[in-house]
Amino acid sequence: MAEPVIIDCDPGHDDALALLLAVGDPRLRLLGVTTVAGNQTLDKTTRNAQKILALAGAHDVPVAAGADRPLVNELTVAADIHGESGLDGPDLDVPVPVPVGVHAVELLRKLITEAESPVTLIALGPLTNVALLLRTFPEVTANLRRIVFMGGSTTRGNSTPYGEFNMVTDPEAADIVLRAPIPLTMIGLNVTHLALATDEIIAELRAISPICAELMTFFADAYRRNFGFPHPPLHDPVAVAYVLDQTIVPTVRAPISVELTGVYTRGATVVDLHHRTGRPDNADVAVDLDVNAFWTVLLNAIRQNPIGNPA
């Protein structure tokens, strides 16, 4: 039986491929998609999610827009990485429906509480919507199997020296989620930086889906320009791959907290891998990646989408 999941995201090139993985792998049943401001403004991330779902043929998946700003911070988007549209590169001018007429938090509540079996919530952007859900409707935890989020790191950051983008964008939201009484899994940069879209991978994508290849080519150029990476890391699909098969992304139990006040470290995840603080474990933390297995499941899923079957 397919595992019911909801994806909260801010597309974003890597979010786009994460959505294609969730739609294309039959082991998951995508109940809905909610969007948050992050990689771009909310109107753009919402439209991008709708475009990818339309290209994937997932016309029955409801999409709801959520928070248009962090709980405390001012929003700073990642146009240097994802472009002015949030999905620069290919022409994605496809018709999309109007989002459902409720806030993302309300759609999350409805989908989770009405699901026939516990739901896994996969969060791929800033955790603003997820924090608002847990604060507004704490009863949803009764039917939440777990929250798997892409964010943070056991090592260094990418938005600041020690802060990963999603955590830095809304550390207060991350703090709320990390204190929630529910199973949590952190998929951080320490692991997603292993999921590199090499020239060989992009060539394989081009044979499967020219649109995906164009997305990755833009993404690769942005990472080369901004970080000096020879190949771009594909962060968000790793979180979906973990839900599909936990052997792909090994984890360990550890205490995690997020820094809220540091002058240089605000938004950094403090992951106590060696249990030096005496704090209780509150999450599973990704520590490695089976790179070959990851690319196998992702490329196979893209092949199952209409976007992976160009005429």
Checklist entry - Can you name the residue in the stretch 170-188 that is over 20 Å from V249 (Cα atoms) and not hydrophobic (A, V, I, L, M, F, W, C) and is also surrounded by the most Cβ atoms within 10 Å (Cβ to Cβ) among such residues? => result D170
Next on the checklist: All but one of (1) surrounded by fewer than 18 Cβ atoms within 10 Å (Cβ to Cβ); (2) in contact (Cβ under 8 Å) with a residue 40 or more places away in the chain; (3) more than 18 Å from the chain's Cα centre (by Cα) hold for E139; state the number of the condition that does not hold.
Outcome noted: (2)
Checklist outcome for this item: Pairs returned, first residue in the stretch 198-227 that is within 11 Å of D80 (Cα to Cα), second residue that is surrounded by fewer than 18 Cβ atoms within 10 Å (Cβ to Cβ), beta-carbon separation under 6 angstrom, 6 or more apart or interchain, are Y223/F229; N226/D80
Checklist outcome for this item: With the first residue restricted to the stretch 93-105 and required to be hydrophobic (A, V, I, L, M, F, W, C), and the second required to be surrounded by 14 or more Cβ atoms within 10 Å (Cβ to Cβ) and in a loop (DSSP other than H, G, I, E, B), Cβ contacts under 8 Å at 6 or more apart or on different chains are V100/P62; A104/V36; A104/G66; A104/A67; V105/G66; V105/F137
Checklist entry - For residues in the stretch 66-86 being without any contact (Cβ under 8 Å) to a residue 60 or more places away in the chain and of a type outside the set (V, I, T), which is surrounded by the fewest Cβ atoms within 10 Å (Cβ to Cβ)? => result E74
Checklist entry - Being small (G, A, S), within 30 Å of F227 (Cβ to Cβ) and surrounded by fewer than 19 Cβ atoms within 10 Å (Cβ to Cβ), is that true of even one residue in the stretch 117-126? => result no
Next on the checklist: Looking at I208 and the list (1) crowded, with 22+ Cβ neighbours inside 10 Å; (2) among the hydrophobic types (A, V, I, L, M, F, W, C); (3) closer than 18 Å to L299 by Cα, which single condition is not satisfied?
Outcome noted: (1)
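Hey, does the stretch 200-220 have a residue that's more than 30 Å from E172 (Cα to Cα), in contact with a Phe, Trp or Tyr (Cβ under 7 Å, 6 or more places away or on another chain) and modelled with pLDDT of 95 or more? Full working, then the answer.
Of the residues in the stretch 200-220, the ones more than 30 Å from E172 (Cα to Cα) are 200-218, 220.
Adding the requirement that they be in contact with a Phe, Trp or Tyr (Cβ under 7 Å, 6 or more places away or on another chain) leaves 201.
Right, trim to modelled with pLDDT of 95 or more and you get 201.
Looking through the stretch 200-220, at least one residue is more than 30 Å from E172 (Cα to Cα), in contact with a Phe, Trp or Tyr (Cβ under 7 Å, 6 or more places away or on another chain) and modelled with pLDDT of 95 or more.
Filter the strands (runs of 3 or more DSSP E) completely within the stretch 1-118 down to those with at least 3 residues that are under 14 Å from the mean Cα position of the chain (by Cα) and closer than 19 Å to F137 by Cα.
Values: elements: 3-9, 28-35, 63-65.
Answer list for the stretch 1-118: 3-9, 28-35.
Given the stretch 159-235, what helices (runs of 4 or more DSSP H) lie entirely inside it while holding 1 or more residues that are within 28 Å of N143 (Cα to Cα), of a type in the set (A, V, I, L, M) and out of contact with any Lys or Arg (no Cβ under 6 Å at 6 or more places or on another chain)? Explain how you work it out, then say what you get.
Values: elements: 165-169, 171-178, 189-192, 199-208, 210-227.
Answer list for the stretch 159-235: 165-169, 171-178.
The values are calculated or read from the model by the stated rules, or taken from the named source; none is laboratory data. It should be emphasised that the depicted structure is a prediction, and the values quoted were computed from it without experimental measurement. Positions of Cβ are backbone-derived with ideal geometry, glycine not excepted, and every protein chain shown enters the neighbour counts.
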